[in-house]
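Contents: one structure, followed by commentary.
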Amino acid sequence: MTKLIKQHTGSDCVLACIAMAFGRSDVLDVFTQEDIDRVVAKNGTHVDTELEKQGLVADVDFIDRSVYSGTDQDTVKALLWGRRAILSVMSLNINNGQHAIYWDGEQIYDPSTLRTFEHLSTVLLKGYTIFKD
């Protein structure tokens, strides 16, 4: 069972999602305060960058892809069923901003402390990182 982990700041949603994907109970179980400070200073980070810093290898442990305008969102969402992934989505709280949410293959876990996504059907995907379990 995935434990919902909330962001420590407005910019560390990716770190919270990775902590959830790793089955931890807090961002600080995976990352240091210095990691959080680095992400805040840059106003965000990329999922693949942070996974590689944790020792995972792209295209071996995970697949990272963008979703371009014109892509059939329903087809991509259908491919996600039963697969763990971190989803890059349009933010509900920051105009034209992006946000990361964790998908356990059946349910969304949104680390935001503000408005949150609850259903995959309401999400506008910008990208996804699927774990190769």
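Given 0.36 nm per residue, what is the gain on full extension from Leu124 to Ser69 after removing their alpha carbon distance, in nm?
18.8 nm
What size of dipole, in debye to the nearest 20, comes out for the chain about its Cα centre when the only charges are +1 on Lys and Arg C-beta atoms and -1 on Asp and Glu C-beta atoms?
220
Which is farthest toward the positive dipole end of the chain among Ile130, Ser25, Ile94, measuring Cα position about the Cα centre, with Cβ charges +1 (Lys, Arg) and -1 (Asp, Glu)?
Value computed over the given set: Ile94.
Using a basic spin-label model with each label point 7 Å from the Cα along Cα→Cβ, how many nm lie between Val40 and Phe131?
Each label point is offset 7 Å from its Cα along the Cβ direction, giving 2.7 nm.
List the lysines whose alpha-carbon lies under 23 Å from that of Lys53, not counting same-chain residues fewer than 8 positions away?
Correct list for Lys53: Lys3, Lys6, Lys42, Lys126, Lys132.
Can you compute the helix-only [θ] at 222 nm over the chain? Use -39500 (n - 2.57) per DSSP H run of at least 4 residues, normalise by all residues, nearest 500 deg cm²/dmol.
Rounded to the nearest 500, the figure is -7000 deg cm²/dmol.
Could you work out Rg/(2.2 N^0.38 Å) for the chain, with Rg from alpha carbons only?
Output field value: 0.96.
Values in this text are rule-based calculations from the coordinates and carry no lab data. All figures in this text were calculated on a predicted structure; none of them were measured in a lab. We place every Cβ from the backbone using ideal geometry, glycine too, and count neighbours over all the protein chains shown.
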